[in-house]
Amino acid sequence: MSRFKNSSTYQYHQLDHMTSEIRLLKLHAGDGWNILKADLISVSISEAPPFEAISYRWASGEDVPILLDNYRFLVSGEVHEILRTLRYQHEDRLLWLDSICIDQNNINEKEWQIEFMTQIYGTCTRVIGWI
């Protein structure tokens, strides 16, 4: 039996620009090489719970599936490595990273979320730089 819901692509829920909504990635606890499981939650940045933002260099390469809101979602090998390394074993972790938290196929959303990144990085509890 497949671990993924039958869907060819993950469907993002629209963010509310007027309330400065962002998406946060709730990375579920796990260990070893178990599949990465996560959920996206939408929150107004002014009401966001503590979260960490990840700054990294986008890299090309083979995409790897994760389980996002119980749907198959492809991430770059680099992002997969970041999430696997940062995943806690016994508790969930709240993260923001642009390649997942911004709908990369929605040009309007990308434009205003990219302009909003200064506030996102300024609001988070910690920025994790991945080199």
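Compute the longest continuous run of the chain that contains no exposed trypsin sites (Lys or Arg not before Pro); treat a site as exposed when its DSSP state is not H, G, I, E or B and it has at most 15 other Cβ atoms within 10 Å.
Here the longest segment lacking exposed loop sites spans 58-131.
Taking a ≥ b ≥ c as the square roots of the eigenvalues of the Cα gyration tensor of the range 9-51, is the shape rounded (a/c under 1.5), prolate (a/b larger than b/c) or oblate? Could you put the intermediate results ahead of the total?
Values: a/c = 5.99, a/b = 1.78, b/c = 3.36.
Verdict is oblate for the range 9-51.
So if I place +1 on the C-beta of Lys and Arg and -1 on the C-beta of Asp and Glu, and nothing else carries charge, what would the dipole magnitude of the range 61-131 be about its Cα centre? I want it in debye, nearest 20. Could you put the intermediate results ahead of the total?
Details: 6 positive and 12 negative charges, 55 e Å.
Dipole size: approximately 260 debye.
Could you please state how large a percent of the accessible area of the range 16-131 is carbon and sulfur, counting protein chains only and using a 1.4 Å probe? Kindly include the intermediate steps, with their values, before the conclusion.
Numbers: 3090 of 6360 Å².
Carbon plus sulfur share of accessible area: 49 percent.
Give me the dipole magnitude in Debye, nearest 20, for the range 1-119 about the Cα centre, with unit charges on the beta carbon: positive for Lys and Arg, negative for Asp and Glu. If you can, show how the numbers build up before the last one.
On the way: 11 positive and 18 negative charges, 88 e Å.
Roughly 420 debye for the range 1-119.
Once the dipole of the chain is set up with Lys and Arg at +1 and Asp and Glu at -1 on Cβ about the Cα centre, which of TRP112, TYR10, CYS101 lies farthest towards its positive end?
It is TYR10.
What number, in percent, do you get for the relative contact order of the range 58-111 if the mean sequence gap of Cα pairs under 8 Å and at least 6 apart is divided by its residue count?
It rounds to 22 percent for the range 58-111.
By the gyration tensor of its Cα atoms, with a ≥ b ≥ c the square roots of the eigenvalues, what is the shape of the range 57-131: rounded for a/c under 1.5, prolate for a/b over b/c, or oblate?
oblate
As a test of the formula, what do you get for the chain when each DSSP H run with n ≥ 4 contributes -39,500 (n - 2.57) and the sum is divided by the residue count, at 222 nm and rounded to the nearest 500 deg cm²/dmol?
Computed mean residue ellipticity for the chain: -6000 deg cm²/dmol.
Which of THR19, LEU83, GLY32 sits farthest toward the positive end of the charge dipole of the chain, with +1 on the Cβ of Lys and Arg and -1 on the Cβ of Asp and Glu?
Projecting each Cα onto the dipole axis, the largest value belongs to GLY32.
Rounded, prolate or oblate: pick one for the range 53-100, where a ≥ b ≥ c are the square roots of the eigenvalues of its C-alpha gyration tensor, a/c under 1.5 means rounded, and failing that, prolate if a/b is larger than b/c, else oblate.
oblate
At a probe size of 1.4 Å, how large is the accessible area of THR85, to the nearest 10 Å²?
The accessible area comes out at roughly 80 Å².
Kindly report the accessible area of the chain per residue (heavy atoms of protein chains, probe 1.4 Å, no ligands, DNA or RNA), in Å².
In whole numbers, the chain has 60 Å² accessible per residue.
The values are calculated or read from the model by the stated rules, or taken from the named source; none is laboratory data. Just so it is clear, the structure is predicted and the values come from calculations on it, not from any experiment. Cβ atoms come from the backbone with ideal geometry, glycine included; neighbour counts cover every protein chain shown. Please note that ligands, DNA and RNA were not included when accessible areas were found on the heavy atoms of the full protein model with its side chains. Shrake-Rupley method; radii C 1.70, N 1.55, O 1.52, S 1.80 Å.
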